[in-house]
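Presented below is the structure to which this report refers.
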Amino acid sequence: APGPDSNKLKRRADNLNDDAKNIVKRAKAAVGVVQRKLDLNDKFEKLVEGAQQFVDEQNDSMQSLTGSAANRERVHSMLADVDGFWNRRHRELRGCGDELKKVLKPEEASRIPEAIENLEHQFDSLISALKDLENQLGEKKDAVERAKERTKRLIGDIQSLNQEIGDLDHIGRSQAELAKQLEECQDIDGRLGDKEAELDSVLNDWEKSF
């Protein structure tokens, strides 16, 4: 039978074996925590980077737009895209950020809300600018429609004046007839001048809208 010393050594070996197993278990747990921290941090950084790239690109696209009323539909589409993207990305950032804060030290975790708030400010500014631009272009579109109606009316008025010119009698021989025709011509000439000035005004409105 083993002696007292052998039993003592065996118990010590068993204890060391148990300690070693516990160390391995703790090491695996520690590695898992570190790996989760790394994975979450990488995911968060990619979400932030993607959002930053998106908002920068949309700002560049907005700056490249002219003030033409024809761009109103494009601005409306951009606004819907930006709003939809940010709603999804904001949820992802908050969810990932909350999980990441659980495995970070308090002093490290402070950068999470700072990054999200920075993006919130940028997207809020972009969305506000797009809404303002959409409203401005909407007003220009309304101006275009008004200019169209004025142009149609002017065409009708000018055609009527042209008809009046065509209906003038041949130049009379009497002084009375000459005086009457001169008065009619002066009246038509005055109305044509008014229509010409109104047409110039409409053309100016068109140019401002495009």
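The values are calculated or read from the model by the stated rules, or taken from the named source; none is laboratory data. The model shown is predicted, which means the values in this text are computed figures rather than measured ones. A quick note on method: Cβ atoms are made from the backbone with ideal geometry, for glycine too, and the neighbour counts reach across all protein chains shown.
Summary of computed values
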{"quantity": "Qualifying residue in the range 107-120 (condition: in contact with an Asp or Glu (Cβ under 8 Å, 6 or more places away or on another chain), surrounded by 13 or more Cβ atoms within 10 Å (Cβ to Cβ) and either closer than 30 Å to Lys148 by Cβ or of a type in the set (D, E, K, R) (or both))", "calculated": "no"}
{"quantity": "Residue check, Asp132 among the acidic types (Asp, Glu) and modelled with pLDDT of 85 or more", "calculated": "yes"}
{"quantity": "So Asp124, is it closer than 30 Å to Asp83 by Cβ and modelled with pLDDT of 75 or more", "calculated": "yes"}
{"quantity": "Qualifying residues in the range 121-146 (those that are in contact (Cβ under 8 Å) with a residue 12 or more places away in the chain and polar (S, T, N, Q)) - the one farthest from Glu73 (Cα to Cα)", "calculated": "Gln122"}
{"quantity": "Total residues in the range 140-156, condition surrounded by fewer than 16 Cβ atoms within 10 Å (Cβ to Cβ) and within 30 Å of Leu182 (Cβ to Cβ)", "calculated": "3"}
